[in-house]
Structure formats: C-alpha cells, structure tokens
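Heads up, the thing below is written out as structure tokens.
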Amino acid sequence: MRVELGELGFDEGGALLIKRALRLAGPGGQISVSGSAPDLGLHLRSWCRIEGHGLQWLGASGAPGLNRADAQALITAASNVAARWSGAERAGSPDPSAPNAIAEHAPQRWGLAARGALVESGSPEFAFTLAGKMEVWSMDAGRIYAQGAAAQWDPATAIPWNTKFDLPFEIEDAVVQIMTYLIENETAALLVPSRLVSQLHPHFREVMQTLALQAADEARHIEVFTRRALLKRKELGLSTAGGQSSLKTLVEEPDFAIASFLLSVLGEGTFLSLLWFLDRHASDAVTATVCRLAAQDEARHVAFGMAHLREHIAQDPGILPKLANAVRRRHDVLQSTAGLNAEVFDALLLVASGGWDPSDLRRGHANVMGLLQEMDELRQKRMVHIGFSAAEAQELSALHTRNFM
C-alpha cells in the first residue's frame with residue numbers, strides 16, 4: 001500500500017493518512033510513504049521509533065530521509081498495535097435502558113471515560129467514593145435533567161425588576177429578613193449537591209448532570225433573593241446561630257441517601273410550601289416572581305430525590321431505619337437550638353397579614369399556621385410515598401428541624 005503525501009506535512013494531517021494505511025495493512029503489514037514536506041523524514045523517524053514500527057529508506061541517497069523525489073519510506077506495522085487494546089473493556093452503554101448499560105459498581109479504572117467508551121487497560125485508578133448503582137442511580141435522572149435544562153431562566157429578564165412599588169417600611173423590612181433567610185438555606189442546598197457530585201463516579205452521567213444543574217439552580221436562587229433584598233435596602237437581615245447549626249448538620253452529612261433524604265425529601269420539600277406561600281402572599285410582583293420561579297426549580301430537586309430513594313428502597317428496604325435514625329439523630333443534636341428564629345416567623349406573619357390592623361394580623365397568623373400544617377402533611381405524604389408507614393411518617397415529620405430546611 002502506497003501513501004503519497006505530496007507537500008502535506010506529517011503534523012498537518014499526513015500522520016492520519018499513515019495511521020489509516022497501517023490499520024488497513026494490519027500487524028506486520030507494510031506500506032510505503034513518499035512526500036516532499038521538508039521535515040517529513042525527521043517526523044517519520046521519531047514517530048516510528050515511539051510507536052515501534054519498522055522503518056527503511058528506499059531510493060534515498062546520502063543521509064537517510066525523504067530528501068529526493070524518488071525516495072520512499074517503507075514502514076512495517078508493529079505487531080503490538082492491536083495488542084494495545086486487547087485488554088480494553090467497554091464501560092457500559094450510553095443508552096441507560098440497554099442491557100447491562102449501568103454497572104452495579106463502576107470500576108475505578110474506568111475513571112473519567114464516557115459511559116459506553118472502550119477503556120484501555122492500564123488506565124489510572126480514580127477514587128470516586130460514590131460508585132455503586134443502588135447508592136446513586138435513578139432511571140428518572142435523564143428525564144429530570146432534560147426538563148431542568150429546558151426550564152432554565154435568566155434572572156435579568158424573567159423577573160420584572162423595574163416594576164414600580166413601595167411597600168410599607170416594616171413590611172419591606174420583613175421581606176428583606178425572609179430573603180436573607182432564603183439565601184442562607186439556598187447556600188446549604190447548593191453545597192450539598194456540589195459536594196456529592198465531586199464524589200460521584202462519572203459512569204452515572206445523568207445523575208452527575210442532574211446534581212450539577214441543581215447546584216446551578218441554587219446559585220441562581222441566591223442571586224435573585226439577594227437582589228430582591230437589596231432592591232430597596234442597603235443591608236441584609238439577621239442570621240442566627242440556631243439556623244446555621246441546623247444547616248451545618250445538613251451540609252456535613254456524608255451519606256448520599258441520607259443527604260438526599262434530608263435535603264430533597266424533607267428540606268426542599270418543606271421549602272416548596274414556603275415558596276408557594278410567599279408567592280401567594282407577596283405584596284409586590286418582584287417577590288412573587290422570584291419565589292414562584294425558585295419553587296418551580298425546587299420541585300425538580302424534590303422529584304429527583306424522591307425517584308432515587310424509591311428505587312434505592314425498593315432494592316434495599318433495610319435503608320428505611322437508617323433514614324429514620326438520621327432524622328432522630330439530627331433532632332437530638334438540634335433540640336437545644338432555637339430553630340426558626342422569631343424574626344423570620346414574625347416576618348412571615350407580617351407579609352401574610354399585609355398590615356398592622358388586628359383583623360389582618362389574625363388572618364395572617366392563621367395563614368402561617370396553615371402553612372406549617374401544610375408542610376407537615378406534605379412531608380408525611382412524601383415519606384409514605386417512598387416507603388415509610390403512615391405512623392413512621394407522622395413521627396418523623398414532627399421531628400423535622402424547626403428551621404424548615
């Protein structure tokens with residue numbers, strides 16, 4: 001087989017033609033190469049030595065190389081080219097519904113290879129701590145990711161920042177306090193998936209993408225809550241020790257299933273009720289919009305947590321006591337803290353009331369009590385949905401942190 005390169009240099013694409021010819025020739029096969037590029041001979045000598053191919057010069061006078069029009073390089077393909085991939089293995093399939101597409105335990109030697117790629121033997125071992133299918137996988141992850149990617153919104157255009165409004169001074173202060181509280185909790189909700197995705201084996205690509213998108217959602221929420229808080233004020237509200245203690249137990253939870261349960265099923269699920277409550281009772285369009293858009297994102301986060309845990313529990317019902325004990329343990333750690341601070345509770349009451357008239361305050365208080373009841377009922381429903389009994393769900397919901405998240 002003859003390869004005529006003409007003026008094409010080795011590094012300009014000539015190498016591709018030579019490699020292609022050698023593949024077709026097979027181990028031990030020979031090809032002849034000719035060309036007039038100035039450094040072609042030098043490149044061929046170096047490359048053949050590295051790859052183990054035999055090299056002879058034909059028709060060359062003087063120093064070996066392709067320095068004459070009639071000179072050719074005769075290359076004999078190394079017999080170990082095919083052997084290089086003899087120990088390679090296919091890392092599952094890119095189609096998660098294909099048979100054996102998802103490994104029960106992704107080998108560390110697959111590393112960063114795309115699922116479905118042919119992985120060369122001898123690739124370096126990584127140390128992804130989340131490598132078990134049952135531990136992290138959900139068949140719904142790809143669908144939820146696609147929905148989330150399609151539903152991304154731009155804070156600069158999706159929210160009517162230029163809408164004119166002036167709330168009573170103390171109600172504006174209440175909104176600022178609520179936004180400050182939301183920022184703090186959304187920061188925790190960003191850190192948890194960010195930590196998990198850094199430990200996740202890339203073989204579970206759809207889960208990795210879903211968690212990354214979830215972190216991006218939370219970053220956007222932090223942005224819009226901060227912007228709303230500073231729309232009429234120069235400073236944010238209060239951050240309490242009790243609130244941060246509650247979130248610290250969430251951020252530091254190392255177990256994937258427990259972190260998903262505490263964050264998505266309990267925490268973000270509870271926050272869904274809060275965000276829809278603020279959307280209903282907001283006195284201005286900006287506050288209502290930021291809370292409504294954030295709630296739409298949080299609903300996907302809850303959906304992924306629920307889908308993953310249902311699959312995990314279906315395969316290993318013994319994890320339910322582990323999840324329950326995590327709730328009890330967190331409650332014991334936090335029982336001496338204040339939970340939801342009075343400033344946030346009062347701010348919710350005032351926003352729900354819309355004013356200082358006693359009848360308005362009574363109605364606002366009833367609305368907040370209704371919110372707490374709704375949070376409790378929906379927590380119980382979500383827990384029953386993933387496998388807890390009604391009695392267990394009632395007990396565990398009552399033990400959920402008073403800080404909501």
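The values are calculated or read from the model by the stated rules, or taken from the named source; none is laboratory data. Bear in mind the structure is a predicted one, so any value in this text is a computation, not a measurement. Note that we place each Cβ from the backbone using ideal geometry, even for glycine, and neighbour counts take in every protein chain shown. In case anyone asks, the SASA skips ligands and DNA or RNA and just uses the protein heavy atoms, side chains included. Shrake-Rupley method; radii C 1.70, N 1.55, O 1.52, S 1.80 Å.
Order 143-150, 343-350, 28-35 from most to least packed using the mean count of other Cβ atoms within 10 Å.
343-350, 28-35, 143-150
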Of (1) 17.8; (2) 18.8; (3) 27.2, the label for mean projected area of the Cα convex hull in nm² derived from the coordinates = (3)
Using packing as a proxy for protection, rank 154-165, 284-295 so that the peptide with the highest average count of other Cβ atoms within 10 Å comes first.
-> 284-295, 154-165
Where the centre of each part is set by its Cα atoms, how far does the range 111-147 sit from the range 305-368, in angstrom?
-> 34
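Send over the per residue convex hull volume for the range 304-348, Cα only, as a whole number of Å³.
Numbers: hull volume 3.8 nm³, N = 45.
For the range 304-348, the hull spanned by Cα atoms encloses 85 Å³ per residue.
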Rounded to the nearest 10 Å², the accessible area of residue 43 at probe 1.4 Å | 60
Qualifying lysines (Cα of each under 30 Å from Cα of residue 322; at least 8 residues distant if same chain) = 133, 248, 381
Of the accessible area of the range 1-158, computed with a 1.4 Å probe and all protein chains kept, carbon and sulfur make up a percent value of 54
Out of 211, 167, 266, any idea which swings most in a Gaussian network model of the chain, alpha carbons joined below 10 Å?
-> 167
Please build a GNM for the chain, connecting alpha carbons under 10 Å apart, and tell me which residue among 126, 204, 169 fluctuates the most.
-> 169
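For the range 105-170, report the translational diffusion coefficient in µm²/s to the nearest whole number, using Stokes-Einstein at 20 °C, 1.002 mPa s, and a Kirkwood Rh over Cα pairs. Write out the running numbers ahead of the final one.
Numbers: Rh = 16.8 Å.
It diffuses with D of about 128 µm²/s by this estimate.
How much accessible area per residue does the chain have, counting only protein heavy atoms and a probe of 1.4 Å, in square angstrom?
Values: 18740 Å² over 405 residues.
Result: 46 Å² of accessible area for each residue.
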Kirkwood hydrodynamic radius over Cα pairs of the range 252-405, then Stokes diffusion coefficient at 25 °C and 0.890 mPa s, in µm²/s = 149
Quotient of Cα Rg and 2.2 N^0.38 Å for the range 83-236, N being how many residues it contains = 1.45
Check cross-link reach from residue 234 to the lysines: straight Cα distance under 19 Å, and skip same-chain residues fewer than eight apart.
-> 164
Farthest positive-ward along the chain dipole, Cα basis, beta-carbon charges - from 378, 212, 22 = 22
Could you point to the residue in 266, 250, 198 farthest towards the positive end of the range 128-275's charge dipole, with +1 and -1 charges on the Cβ of Lys/Arg and Asp/Glu respectively?
-> 198
Roughly to the nearest percent, how much of the accessible area of the range 204-255 is carbon and sulfur, given a 1.4 Å probe?
-> 57
Carbon and sulfur: what percent of the range 298-405's accessible surface (1.4 Å probe)?
-> 56
Using all Cα-Cα distances in the range 205-271, what percent lands in each 10 angstrom bin from 0 up to the longest?
-> 16, 39, 34, 10, 0
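Could you give the size of the charge dipole of the range 246-375 about its Cα centre, using +1 on the Cβ of each K and R and -1 on the Cβ of each D and E, expressed in debye and rounded to the nearest 20?
Numbers: 11 positive and 16 negative charges, 56 e Å.
Charge dipole, the range 246-375, about its Cα centre: 260 debye, nearest 20.
For the range 1-150, what Kirkwood radius comes out of the mean inverse Cα-Cα distance, in Å?
18.8
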Among the aspartates and glutamates, which fall within straight-line cross-link reach of residue 19, defined as a Cα-Cα distance under 14 Å, with same-chain neighbours fewer than 8 residues apart omitted?
-> 4, 11, 51
Descending Cα extents along the principal axes, the range 211-314, whole Å = 49, 28, 23
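To the nearest 20 Debye, how big is the dipole of the range 177-327 about its Cα centre, given +1 on the beta carbon of each Lys and Arg and -1 on that of each Asp and Glu? All intermediate terms of the calculation are to be shown ahead of the outcome.
Working: 14 positive and 17 negative charges, 80 e Å.
That gives the range 177-327 a dipole magnitude of about 380 debye.
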